[in-house]
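Structure first, then comments.
Throughout, read-outs are computed from the coordinates displayed, never taken from laboratory work. All values reported here derive from a predicted model rather than from experimental measurement. Cβ atoms come from the backbone with ideal geometry, glycine included; neighbour counts cover every protein chain shown.
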Amino acid sequence: MNVIAIGSSEGERGELTDEVELAIHTAYNKLKGRADAEGVGRGCGSAQRVEPRAAARTLQGAALKSQAAMATAQEYEAKALLLQSQLNYSLAHDEFIHAMGVTPE
């Protein structure tokens, strides 16, 4: 009976050893997988931190372009106002000359 009990114990021990090895490998793989996922998460987090910086630079660039466009528009508006005032001056001058009875040159 002792031989059978020992054989049975060794068989159970072998099965138990296999189960423990499998549990250890499974736990290790899960741990490694979670560590890898955490690393990817950190990478995404740093990419998300970089992305707002890039977005801010893009917005800043767009703001500068917008400001440049606004300045150009104001410049054209000022030129248009200057031309309008020159035209008004010329018309007023012509009216003045006409009122005096002098023929415009």
* Structure fact -> Once both label points are put 7 Å beyond Cα along the C-beta direction, the T17-Y89 separation in nm becomes 10.7
* **Residues T103, T58 arranged by fewest to most Cβ contacts within 10 Å** => T103, T58
